[in-house]
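Notes follow once the structure below has been shown.
We did not get these values from a lab; they are worked out from the coordinates using the rules stated. Computed from a predicted model, the values in this text were never measured in an experiment. Here the Cβ positions follow ideal geometry from the backbone for every residue, glycine too, while neighbour counts run over all protein chains shown.
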Amino acid sequence: MDLQALLKERFGYSHFRPGQEEVIKHVLNKRDCIAILPTGMGKSLCYQLPGYIMPGSVLIISPLVSLMEDQVMQMRKNGEKRVVALNSFLSFTERSRILASLGNYKFIFVSPEMLSHKSFGLHLKKIEIGLIVIDEAHCISQWGFDFRPDYLRIGEFLSSYNSPILALTATADSKVINDITRYLKMNEPIIQRHSLDRPNISYSIIQLNSTLEKTDWIKERILQTTGPGIIYTSSRKRADELAFELQEAGVAIQSYHAGKEQDDRAIIQEQFLNNELEWISATNAFGMGVHKSDIRQVIHEHLPSTIAAYLQEVGRAGRDGRPAAATLLYIPVDERMTSFIIQSDRPDESQLRHYANMLSEGRDPSESAELAGMTDTGKRIVDYYLERHTLDEVLEVMDTLSAEKETELRKMLHLVRSEQCVREMVLSYFGEQCNEKPEACCSICGLEVLEWLTDKSLKKKTNELVSWDERITNLLG
Amino acid sequence: MDLSSILLFIINKMNGERTLNAGLHLLRGKKSGQTLQDVEYFDLKPLFGIWPKLDEVLYQQTADELINKALITSDEKFCRLTEKGGVEVQHFQLPRFKGWDYRGREKVFFGRIALAVQTISYFRTGSTSFNPIQRDREIQLFVKRLLEGKPLTDPKFGKRISEELKRALVTSGISDRQKYIFANRLTGRGETAKTYDQLASELDSSPSAVYLLFIESLHMLLPVVENPENYPFLNKCAFDIKVHSYLTDSALRTKKLFDQGYSMKDISKTRNLKMSTIEDHIIEMATNDERFPVTHFVSKDTIQAVLSKSEEMGTKRLKLLKNEFQMLSYFELRLILTVNREGDS
């Protein structure tokens with residue numbers, strides 16, 4: 001099979017992007033494969049193209065419904081109609097209709113929780129599955145806001161299929177790769193890695209002495225340099241605070257976090273995409289599924305809890321290939337702050353026992369968790385492990401998880417403090433060597449004044465204020 | 001109207017017999033026995049659940065301001081208006097919420113309108129690809145079905161929706177400020193909606209006031225569009241928004257067993273729930289059903305005796321009433337107070 005010809009015919013490209021062809025070949029050879037490709041490097045092609053060659057359907061397990069819908073929409077737009085998304089939001093009749101004709105679809109996207117639906121399993125058994133894809137596979141080993149116990153159950157589900165498994169992820173260190181292999185029960189997977197280096201991003205790490213200094217630094221920076229940009233903070237309160245300060249200074253900025261009304265969150269994201277906002281100050285709730293290629297700056301005003309999380313957030317900058325700047329502001333107390341946040345999701349022994357007791361009395365799980373003082377994330381984790389282990393074992397698991405988290409934080413701290421080239425450090429963390437450093441590498445290697453950065457030519461879009469009925473006329477006619 | 005005037009209004013209604021937190025639970029629409037009962041006792045149905053995500057800190061700040069202005073006093077147990085607060089509360093126009101009927105579902109109504117408007121706005125200008133401003137899958141699927149087969153690219157279609165929407169907004173009797181907020185919560189091609197913060201600074205108001213005005217405008221719009229002939233599009237958007245059953249799911253299950261003749265004890269056993277939970281459910285049922293057979297639990301004479309005592313003492317506090325009626329349980333007393341409203345009306 002001439003892959004090049006197929007690429008041209010189906011997708012209209014003359015060349016593969018780095019890494020794609022290798023992954024496709026492994027898949028066609030029916031080998032399990034973990035593909036680590038930076039976001040925006042055409043991960044979906046790695047399963048779409050084999051799908052046209054292999055018999056049967058491709059099953060794609062995707063963690064975020066919005067992301068899934070997005071991919072389905074993209075594929076339909078490109079002319080592939082045999083694609084469907086199955087998730088728990090579908091109505092019963094709609095789902096039944098799709099399930100009854102499942103074999104007609106070449107590409108079947110499902111959310112992890114669908115896998116535990118019995119009817120889905122039964123229907124899937126009836127059709128031929130050529131390839132199973134796990135998107136955003138790093139979610140499997142993450143213990144954080146996007147922890148998805150459903151993802152951990154995928155392995156149990158997959159063990160009854162012989163189809164090759166392709167795990168896709170943008171960032172994966174050796175621990176994550178081990179977790180992916182283990183939890184997905186993969187069979188000696190080939191690790192296909194494309195360099196995670198993003199030469200167009202320059203890194204700066206700046207040590208300051210107080211939160212006040214951070215605020216001043218950010219204010220000055222934002223007034224003098226270009227957006228669009230994201231400021232990542234450790235708390236909702238801080239995100240709000242910064243947005244407020246900067247609004248006062250005339251910056252088009254809004255804060256974004258899970259404490260905002262849902263509609264407001266969607267509005268803020270849309271304004272940012274349309275350049276009505278130049279900056280967003282946000283918790284880590286902001287970013288997944290945000291397709292904006294011209295983000296010029298990412299500023300961390302807190303210490304991310306892992307290098308992987310840091311890199312993922314930084315990676316949202318400069319997707320268009322043009323230069324972008326990543327800055328991390330650091331004060332000594334940040335370490336304690338981040339450590340505290342990590343541990344706050346972790347239920348302690350008395351909370352856990354209290355919770356388990358209430359459950360055994362038949363009380364409502366959410367209410368019990370609240371009474372025991374557990375966070376939502378904490379509850380999700382505990383629920384998953386309680387299903388499989390005794391209480392004492394769960395306590396042990398909690399200890400292990402929390403020790404792992406501390407280790408990850410140590411590594412992040414080391415990155416910040418070591419005074420070694422940031423790019424080299426980040427890459428070595430992912431088992432890569434840095435072969436070639438760009439001119440604007442990092443603050444340790446030395447950064448000249450970045451001229452593009454002070455170019456404030458970005459035009460802010462401002463809409464005139466119109467009356468209510470005029471606005472409705474503008475919208476609908 | 002803003003959060004502090006709403007709070008003053010609630011505290012006035014609660015008559016010094018509840019803690020400050022009772023107001024928070026009420027605004028958030030907490031479905032606990034106590035809150036559901038308060039709603040009934042103190043005639044606060046319109047404000048139930050108008051702000052499900054109300055931030056505790058914001059609530060506390062608002063209350064602190066009222067305390068600082070000497071409009072209310074609050075100790076660990078109770079919260080009441082001062083004389084000054086009593087005068088102040090007379091100046092407020094009664095808010096026109098219908099929280100009991102909509103319980104946060106009004107946002108689904110608006111979400112459907114917003115997504116439909118966005119869709120039409122893009123299609124009529126020749127563009128079929130956009131980021132849906134509503135992430136909720138249920139809303140997306142609803143709008144997809146709503147607009148299926150409609151002439152989205154036909155300018156006449158958009159115009160018709162536009163006119164219907166304007167007519168409904170005018171008819172609803174909402175203020176111009178509310179119309180402005182409503183229109184600016186809509187997104188379309190080249191016109192992104194504004195956040196509550198942004199609207200607050202444009203209108204020289206507070207985000208919470210903007211939020212409350214917006215919710216109130218939806219509560220005023222919803223009854224208007226109940227007529228499908230005058231408002232074919234908006235009527236469809238309002239499908240299934242008003243609550244059918246005023247009972248919580250759990251209470252509904254208890255009701256089924258109760259209607260089949262199970263005793264409270266049996267229900268508690270069958271459902272593996274504590275007796276106090278079943279009691280809460282019974283209270284909830286009595287609150288929501290005028291024909292609830294209260295006399296199965298307490299005699300007419302007892303009811304009369306308790307109600308007149310309550311009136312005589314000028315209180316609905318269970319503890320005080322319990323002192324007077326030692327032989328009655330708290331449950332029985334609560335049940336009796338629930339019937340009170342029939343005495344009122």
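Numbers for the structure displayed
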quantity: Calculated FRET efficiency for the pair B:Thr19/B:Asn68, C-beta based, R₀ 22 Å, to 0.05; calculated: 0.70
quantity: Residues whose placed amide H lies under 5 Å from that of A:Ile231, excluding near-sequence neighbours; calculated: A:Ile280, A:Ser281, A:Ala282, A:Ile299
quantity: Ratio Rg/Rh, restricted to the range B:1-43 and using Cα atoms, in which Rh is the Kirkwood radius; calculated: 0.93
quantity: Residue mean of other protein chain beta carbons inside 10 Å, B:184-196; calculated: 6
quantity: Calculated from backbone phi, Karplus (6.51, -1.76, 1.60) coupling profile of the range A:310-322 in Hz, x at Gly/Pro; calculated: 4, 5, 5, 5, 4, x, 7, 8, x, 5, 7, x, 7
quantity: For B:Thr128, B:Thr19, order by how many other beta-carbon atoms lie within 10 Å, fewest first; calculated: B:Thr128, B:Thr19
quantity: For peptides A:267-275, A:353-361, B:234-242, sequence by mean Cβ density within 10 Å, most packed first; calculated: A:267-275, B:234-242, A:353-361
quantity: Three-way shape label, the range B:275-345, alpha-carbon gyration tensor, a/c 1.5; calculated: oblate
quantity: Alpha-carbon centroids, the range A:1-74 and the range B:266-345: separation in whole Å; calculated: 66 Å
quantity: Unit charges on C-beta of K, R, D, E only; dipole of the range A:3-193, Debye; calculated: 500 debye
quantity: Sequence-distant residues sharing a close amide H with A:Ser204 (under 5 Å, placed H); calculated: A:Ala326, A:Thr327, A:Leu328, A:Ser443
quantity: For the protein assembly as shown, the spread of Cα positions along each principal axis, largest first, Å; calculated: 90, 61, 57
quantity: FRET efficiency estimate (nearest 0.05) - Cβ-Cβ, B:Lys84 to A:Lys237, R0 30 angstrom; calculated: 0.35
quantity: Kirkwood-based shape ratio for the range A:260-406, expressed as Rg/Rh from alpha carbons; calculated: 1.07
quantity: Subset of A:Lys77/B:Lys150; B:Lys194/B:Lys236; B:Lys45/B:Lys107; A:Lys43/A:Lys260; A:Lys292/B:Lys144 violating a 30 Å alpha-carbon distance limit; calculated: A:Lys43/A:Lys260
quantity: Radius of gyration and Dmax over the Cα atoms of the range A:81-197, both given in Å; calculated: 15.0, 47
quantity: Residue order, fewest to most surrounding Cβ atoms within 10 angstrom, among A:Asp173, B:Asp38; calculated: A:Asp173, B:Asp38
quantity: Selection from B:Pro207, B:Leu307, A:Met288 lying farthest towards where the dipole of the protein assembly as shown points positive, charges on Cβ; calculated: A:Met288
quantity: Estimated FRET transfer efficiency (A:Glu470, A:Phe92; beta-carbon r; R0 60 Å; 0.05); calculated: 0.90
quantity: For the range B:67-177, size of Cβ-based charge dipole, Lys and Arg +1, Asp and Glu -1, in debye; calculated: 380 debye
quantity: Extent along principal axes [Cα atoms of the range A:262-301; Å; largest to smallest]; calculated: 25, 19, 16
quantity: For the range A:256-262, Karplus couplings with θ = phi - 60° (6.51, -1.76, 1.60), whole Hz, Gly/Pro x; calculated: 9, 6, 5, x, 7, 4, 3
quantity: Where Rh is the Kirkwood radius over Cα pairs, Rg/Rh for chain B; calculated: 1.03
quantity: Rg in Å to one decimal, and Dmax rounded to a whole Å, for the range A:396-458 via C-alpha atoms; calculated: 16.8, 56
quantity: The range B:77-205: C-alpha gyration tensor shape, a/c 1.5 cut-off, then a/b vs b/c; calculated: prolate
quantity: Cα Rg, Dmax, the range A:3-193, angstrom units; calculated: 15.6, 43
quantity: Over the range A:234-290, volume per residue of the alpha carbon convex hull, in Å³; calculated: 69 Å³
quantity: Which of A:Arg346, B:Arg80, A:Arg417 has the fewest Cβ neighbours within 10 Å, and the rest in rising order; calculated: A:Arg417, B:Arg80, A:Arg346
quantity: Alpha-carbon gyration tensor eigenvalues x 5, square-rooted, for chain A, Å; calculated: 35, 30, 26
quantity: Within the range A:275-361: Cβ-based charge dipole about Cα centre, in debye rounded to nearest 20 (Lys, Arg +1; Asp, Glu -1); calculated: 280 debye
quantity: Stretch gain in nm, segment B:Gln304-B:Glu138, where the contour uses 0.36 nm per residue and the Cα spacing is subtracted; calculated: 54.9 nm
quantity: GluC sites (Glu not before Pro) restricted to DSSP loop in the range B:283-313 with at most 15 other C-beta within 10 Å; calculated: B:Glu290
